[in-house]
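Everything below concerns the one structure shown next.
Rule-based calculations on the coordinates, nothing more; no lab input. These figures come from a predicted structure and were not determined experimentally. All Cβ positions, glycine included, derive from the backbone under ideal geometry; neighbour counts span all protein chains shown.
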Amino acid sequence: MEAELADRERVKLMRLRYTGAVGRWGFALYLASSDRYEDSMLPTGSPTGTPADALDCACRLHLTAPGT
């Protein structure tokens with residue numbers, strides 16, 4: 001999954017992993033420093049959640065300005 005910024009730059013955020021349950025998905029955050037995806041945990045400590053939970057987490061990590 002990617003985000004498109006105001007200047008039309010595309011930024012990789014994450015990918016989802018189907019767990020067999022429609023409402024519970026695993027996810028991996030994109031790490032630009034190593035150009036790879038790494039399995040991640042939600043802020044709740046759970047390795048699975050809804051796609052919206054995963055997207056919220058990825059956007060907070062990748063798109064929030066430092067110090068906010």
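Summary table
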read-out	value
Computed magnitude of the charge dipole of the chain (debye, nearest 20; Cβ of K, R +1, Cβ of D, E -1)	160 debye
Among 22, 32, 3 - extreme Cα towards positive end, dipole of the chain, charges at beta-carbon	22
The stretch 16-64, Cα convex hull volume normalised per residue, Å³	67 Å³
Residue list for the stretch 44-68, given a label point 7 angstrom along the Cα-to-Cβ vector of residue 37 and an amide N cut-off under 19 Å	46-63
Estimated inter-spin distance, residue 22 and residue 3, nm [label 7 Å along Cα→Cβ]	2.9 nm
